[in-house]
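Every number in this text was worked out from the coordinates using simple rules, so none of it is lab data. From a predicted model like this one, the values you see are computed outputs, not experimental measurements. Ideal geometry is used to build each Cβ from the backbone, glycine not excepted, and the neighbour counts take in all protein chains shown.
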Amino acid sequence: MSKAKQGAGDKSLKYLVAVIGAVILAVFVAVYLYRSTFGPELSVRSVEWSNFGSYIGGVFGPMISFVTLLAVLKTVYMQRELLDAQKEEFARMNALQQQTFDTQLSQMTKAASDARILQVSAAQDTAIKVVDQHISIYERVWDRHNESAYRFNRDECHRSSLPSDEVFFESILRHRDEARIAIDELMRLSVNLAVSEFRNVHQVRKSLALGLDSIRTTIISGRDGLGPDPE
């Protein structure tokens with residue numbers, strides 16, 4: 001905008017100098033023509049001075065009016081140029097501001113996306129830890145029942161073969177198998193939570209809850225199919 005004002009000021013100065021020069025030249029030309037026509041001597045009669053004044057007024061009156069009109073037209077033209085320059089400058093500033101706004105918006109969007117990814121990743125890690133805790137619990141259950149089955153088989157020769165013993169042994173094996181199934185399903189759930197792509201934390205929590213419910217339902221369904229545990 002400052003360059004536009006400076007350019008308009010330079011043009012205005014040049015135009016003013018040209019107008020003043022033209023007026024001074026016209027004065028010299030008018031005086032020269034008058035003196036060459038009516039003589040170079042200064043008259044002592046007021047009538048001749050009055051005639052000279054009428055001559056100067058008649059010559060320079062229309063000239064001054066014309067110059068004034070040109071000055072007004074030039075001012076209007078220069079104001080229009082200045083407004084056009086200011087309009088272009090404002091357009092460039094608006095484009096720069098829009099570009100800056102778009103850049104900031106893009107950065108904010110990226111930051112929000114990165115924050116969401118971090119939240120989802122943290123939720124996945126937490127869900128996997130929960131699954132790992134369940135795996136640890138079922139591994140202890142499997143170890144305990146597997147040890148019980150081993151001891152039962154080891155002491156088989158020292159005990160009587162009663163139906164209740166067989167039912168008890170089958171119960172041990174069933175709980176051991178249930179623990180093994182739960183461990184396998186929990187490991188699949190852990191892998192699924194690790195490799196799946198989630199859009200938000202709610203989806204991670206929902207996937208974990210559905211996975212645990214599905215495993216629990218599978219175990220209960222298998223248990224119900226075999227009948228109740230012996231007392």
Sequence of V167, V141 once ranked by neighbouring C-beta atoms within 10 Å, starting from the fewest: V167, V141
Residues Y32, Y138, sorted so that the one with the fewest Cβ neighbours within 10 Å comes first: Y32, Y138
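Based on the mean of other beta carbon atoms within 10 Å per residue, what is the order of 208-217, 64-73, most packed first? The partial results should precede the final answer.
Details: 208-217: 14.5, 64-73: 11.8.
Packing order, densest peptide first, comes out as 208-217, 64-73.
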Computed FRET value (nearest 0.05) for R154 with I220, which takes r as the C-beta separation and R₀ as 22 Å: 0.10
Most positive-pole-ward Cα, Y77, Q99, I137, against dipole of the stretch 60-143 from beta carbon charges: Y77
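Multiplying the sequence separation of T68 and A112 by 0.36 nm and subtracting their Cα-Cα distance, what value in nm do you get?
Numbers: separation 44, 0.36 × 44 = 15.84 nm, distance 6.42 nm.
Contour length minus Cα-Cα distance gives 9.4 nm.
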